[in-house]
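Presented below is the structure to which this report refers.
The values are calculated or read from the model by the stated rules, or taken from the named source; none is laboratory data. Everything numeric in this text was worked out from a predicted model, so none of it was measured. Glycine gets a Cβ as well: all are built from the backbone with ideal geometry, and neighbour counts include every protein chain shown.
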Amino acid sequence: MKNQDNFQENLLQNSSWNDLKPKKKKKRVKIILISVACVLVVSIVAAVVGGTLYIRSVLDFNFNEITSNPQELGFEEVKSDDIVNVALFGLDTRDPYSFEGRSDAIIVLSVNKTDGKIKLTSILRDSFVPIEKEDGTVYHILNHAYFAGGPQLAIKTINQVYDLDISEYATVNFFGITSIVDAVGGIEITFTEDELVYVNSAIDVFGKQLGLSFEENKIKKAGTQHVNGIQALGYTSVRSTANADGISKDYGRTDRQRYVLQQLFNKAVSMEKLQIINLIKALTPYCETSLSYTEMLGLATNVLLQKPTFEEASIPSRSFLMKQPKNDVGDVLYYDLDYASKVMHAFIYEDIKPENYIQQNPIQKNDWYAEIRKAKQ
């Protein structure tokens with residue numbers, strides 16, 4: 001059982017906003033870094049709370065302790081003591097306070113505790129994978145695992161399919177990104193002409209649910225501009241047209257999601273006291289996590305003090321894809337899972353970029369589902 005109570009009590013007794021005065025520069029840096037971790041883990045979809053008296057407002061954050069047994073999470077042992085992996089899920093629920101549904105966004109956050117390097121690996125939700133449920137294995141798209149068994153089954157599936165050692169997660173629903181972006185004062189996004197119609201359509205739909213005026217929030221022109229939360233949410237939901245880099249479909253959408261997360265990180269490092277308070281208040285209603293306060297605080301202070309750098313990847317690349325097999329699901333992304341796991345493992349644990357791994361190890365396209373299909377007949 002994670003010991004949160006003593007940590008919370010000590011934090012409340014020994015912390016104060018007075019620590020943020022200029023002469024307490026070290027304390028101020030610590031608070032900012034904790035909030036930066038907050039943005040990384042929650043907006044991506046978890047909440048790291050600042051060591052201040054204002055923590056009282058977030059003591060009831062949505063903590064969900066999943067199993068600590070590695071075998072129940074789909075791996076045998078930790079693969080590297082230097083690498084911490086956290087599964088980040090963005091749900092398709094339209095209930096602002098719900099944490100049930102399909103994981104529309106799936107990102108593996110990997111933090112290297114030695115050099116501070118942070119990696120964001122998107123796994124496309126339509127990846128066709130085996131999902132090992134209690135009543136047997138089903139073959140479905142990856143985002144079905146969260147729907148069928150919550151974060152624990154989703155983590156287990158990702159670990160088994162991609163040879164990882166994830167034991168923690170953070171989930172945020174669609175509405176969380178709106179509050180988080182607003183709490184940091186907005187971010188910069190570049191829109192193409194083709195994106196406008198789709199972004200504005202999403203702003204209209206989500207805005208109605210949040211009681212926001214479409215006319216006041218619609219994006220009126222293409223180009224780079226400062227956007228608020230609902231506008232950023234509209235941007236991250238688009239997959240029907242290419243982004244500014246010419247990337248479309250789910251690949252484009254995951255690129256947009258990672259871009260927004262990096263912008264949030266950049267804003268967080270320059271936050272003032274009031275913004276930190278607003279960020280803490282904005283995060284907790286919309287996220288659920290298995291990380292304890294102690295773990296989140298440790299992640300923030302031990303890693304982010306090293307001025308972290310970002311790297312990102314997406315699995316699968318288009319070049320991995322094979323012809324869809326006959327299945328009971330419909331349209332899926334079908335590719336050699338064993339090869340994809342090797343690419344991801346090399347990126348996360350060996351610091352080998354996917355393109356470099358592919359150059360040295362040509363893409364494999366094993367029709368793994370064919371044997372399973374034969375066995376079913």
Next item on the list: Consider Ser179 carefully, then state whether it is under 19 Å from the mean Cα position of the chain (by Cα), of a type in the set (Gly, Ala, Ser) and either at pLDDT 90 or above or within 30 Å of Glu295 (Cβ to Cβ) (or both).
Entry: yes
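One line per residue, one yes/no per condition, for (1) part of a helix (DSSP H, G or I); (2) more than 20 Å from the chain's Cα centre (by Cα):
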site	(1), (2)
Tyr198	yes, yes
Val205	yes, yes
Ala232	yes, no
Tyr235	yes, no
Ser240	no, yes
Asn243	no, no
Ile247	no, no
Asp250	yes, no
Arg253	yes, no
Checklist line | Filter result for Asn85 (modelled with pLDDT under 95, closer than 20 Å to Tyr251 by Cα and surrounded by 21 or more Cβ atoms within 10 Å (Cβ to Cβ)) | finding: no
Margin query: Quick test of your reading of the structure: Thr284 fulfils all but one of (1) at pLDDT 75 or above; (2) buried (at least 21 other Cβ atoms within 10 Å of the Cβ); (3) in contact with a helix residue (DSSP H, G or I) (Cβ under 8 Å, 6 or more places away or on another chain); (4) among the polar types (S, T, N, Q). Name the failing condition by number.
Written below: (1)
Next item on the list: Take the range 342-377 and flag every residue that is assigned to a loop (DSSP other than H, G, I, E, B), surrounded by 11 or more Cβ atoms within 10 Å (Cβ to Cβ) and over 24 Å from the mean Cα position of the chain (by Cα).
Entry: Asn361, Ile363, Gln364, Lys365, Asn366, Asp367
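Do we have any residue at all in the range 219-229 that's of a type outside the set (S, T, N, Q), surrounded by 19 or more Cβ atoms within 10 Å (Cβ to Cβ) and under 28 Å from Thr289 (Cα atoms)?
yes
Using the structure shown, decide if Lys326 is of a type in the set (Lys, Arg) and either at pLDDT 95 or above or part of a helix (DSSP H, G or I) (or both). Break it down into steps so the answer makes sense when it comes.
Details: of a type in the set (Lys, Arg): yes; either at pLDDT 95 or above or part of a helix (DSSP H, G or I) (or both): no.
When the stated conditions are applied, Lys326 does not pass them.
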